[in-house]
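Structure record follows, encoded as structure tokens.
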Amino acid sequence: MLVLVSASAAASPAAAEAAPSPVPVPQVDGPVPGAPPGDPESGDLENTYPYFASTENLDAYGYVEEEFFVSGTAGVYEDGETVSEHPYTTRIVVRRPERERRSNGTALMEWQNVSAGHDLDALWAPSAGHIMRSGYTWVGVSAQDVGVSHLKEWSPTRYGGLDVTDGGAVDDDRLSYDVFSQAAQAVRTGEAGVTGGVGVDTVLAIGASQSAGRMTAYYDRVLPHIEPVFDGYGFMVGTAPQGDRPEPVFQVNSETDAAWNPAPHEDSDTFRLWEVAGAAHSGWAGREARAEVEERDLGGQADVDCTEPPFSRVPLEHALNASYDHLDAWARSGTPPPTAPRLTRTDRGRLARGDDGLALGGVRLSQIAAPTALNTGINTPAGGTETDGFCVLFGTHVPYSEDELAELYPTRGSYIRSVVETDDGNVRDGYITRRDAAANRHDALWSGIGG
């Protein structure tokens, strides 16, 4: 969920005139030994393993996963100035090509989301295949105390030495901004072999939901006072700054997030916003992608009781995949991404819907343009479980009846043609990749829908 960040870090005009401070390279230790299967409670470090270690078949893509401990001194910002400095130690997880020739030279630095009370690589999970096929180096940064504290409880042997509060002296994650910057500096410089000798010449900051909120504060209140270490920024399913710095800003929001934002920013030379109709803040793809790792590390996925059937099946990750590639090109060559129509809003700022209940406007993936279910970004808690509050993030998925499908698609070919035509248009417009369009076509061919 989104969080508000204290305004104590707001920049003053006097501070803004000061020369930007260089970002130091932190100390990096690792790779830390241990890989699943193992025992997080073991007293032997090598018998433990990284929390949320990927369950993807990394070998099939020529990828490796390594964990490092990162230590340094982070500042507390007030009125744009560093008022105190504090030691910290945290972890980063690196998933990268094993060989240089597989790398595209770009690192996606994800600010780990902690809304669920623990580190969650929200953007890796549904997009892992695209990230690895494209040759990105993905780096997850544990920047916040909620995540670090959970790590220490989960495996005291492995993570007992981590601390991003200076022993409790610093609250509100005020060290998180420098932690994030310094982790990026370690990746950019290849400190202590953190990228395994795979060259990285472009570093993009990405964050979802609460992490996007933290990155918004970082962009607006911290970046004016430090030398930039990121070449571009991806703010996903959350808030975003207007984008008034030289580095490009790309925001991709689901229908859920658009409903909370009646007056989104206008596009500019350094800012793009896509709003994806029917997609949820936290939809089906992410839940499915994390099922195996959550079973292993958390004992399973939490049950939810929502008013409507939860988890929109509109694949927001298809738009996210395209956005990473556009942001990379934008940062490297200055080539701006395509603009996209916004979701349609009423005079009161509410999302407009057609007679079928589907949102109007926005980026319209084939799951919306050729629907087989009512997918929306809206839901509410029914009140049956402790985790029902998250229902507002999950959207809805109500499959159409056989009669409804038969009326919409009188022949099998009519459904497949509708999917293919929509996806071909979205590929041309730059909203999805060819690989994702091919996956949609495959699903349509084998769906049995039509006739």
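Brief remarks on what is shown
- For VAL276, the shell of other residues with beta-carbons less than 12 Å away shows a net charge of -2, using +1 for Lys and Arg and -1 for Asp and Glu.
- Dipole magnitude of the range 396-451 about its Cα centre (Cβ charges: Lys, Arg +1; Asp, Glu -1), debye to nearest 20: 340 debye
- Note on the chain: dipole from Cβ charges, positive end direction compared against GLY190, ALA18, THR339; the farthest Cα belongs to THR339.
- Beta bridges per DSSP with both ends in the chain, % antiparallel, nearest 5: 55 percent
- Cα gyration tensor shape for the range 334-451, rounded if a/c is under 1.5, else prolate or oblate: oblate
- The range 342-421 and the range 237-279 have their alpha-carbon centroids 21 Å apart.
- Accessible carbon and sulfur surface of the range 202-244 relative to its total accessible area, %, 1.4 Å: 42 percent
- In Å², nearest 10: area of ASP201 left accessible to a 1.4 Å probe: 90 Å²
- The range 294-434 - accessible surface per residue (Å², probe 1.4 Å): 48 Å²
- Solvent-accessible surface ranking, highest first, for HIS326, HIS130 at 1.4 angstrom: HIS326, HIS130
- Selected from PRO399, THR433, ALA373, residue furthest toward positive end of dipole (the range 349-451; charges at beta carbon): THR433
- Here the range 264-333 exposes an accessible surface that is 43 percent carbon and sulfur, computed with a 1.4 Å probe and the other protein chains kept in place.
- Annotation for the range 365-451: GluC sites (Glu not before Pro) lying in DSSP loop with at most 16 further Cβ atoms inside 10 Å of their Cβ are GLU386.
- Each Lys or Arg adds one and each Asp or Glu subtracts one; over the other residues with Cβ under 13 Å from the Cβ of PRO87, this totals -4.
- Local electrostatic count at ARG102 - Lys and Arg +1, Asp and Glu -1, tallied over other residues with Cβ under 11 Å: +2
- Dipole magnitude for the range 15-64: computed about the Cα centre from +1 point charges on Lys and Arg Cβ and -1 point charges on Asp and Glu Cβ, it is near 200 debye.
- Cα-based shape type of the range 277-387, given that a ≥ b ≥ c are square roots of the gyration tensor eigenvalues and the cut on a/c is 1.5: oblate
- Each Lys and Arg Cβ is given +1 and each Asp and Glu Cβ -1; about its Cα centre, the chain then shows a dipole of about 1300 debye.
- For ASP220, solvent-accessible area (1.4 Å; no DNA, RNA or ligand), Å²: 80 Å²
The values are calculated or read from the model by the stated rules, or taken from the named source; none is laboratory data. Fair warning: this is a prediction, and the values are worked out from it, not measured in the lab. No Cβ is skipped: glycine too gets one built from the backbone with ideal geometry, and neighbour counts run over all protein chains shown. Protein only, heavy atoms only, side chains kept; ligands, DNA and RNA dropped before computing areas. Shrake-Rupley method; radii C 1.70, N 1.55, O 1.52, S 1.80 Å.
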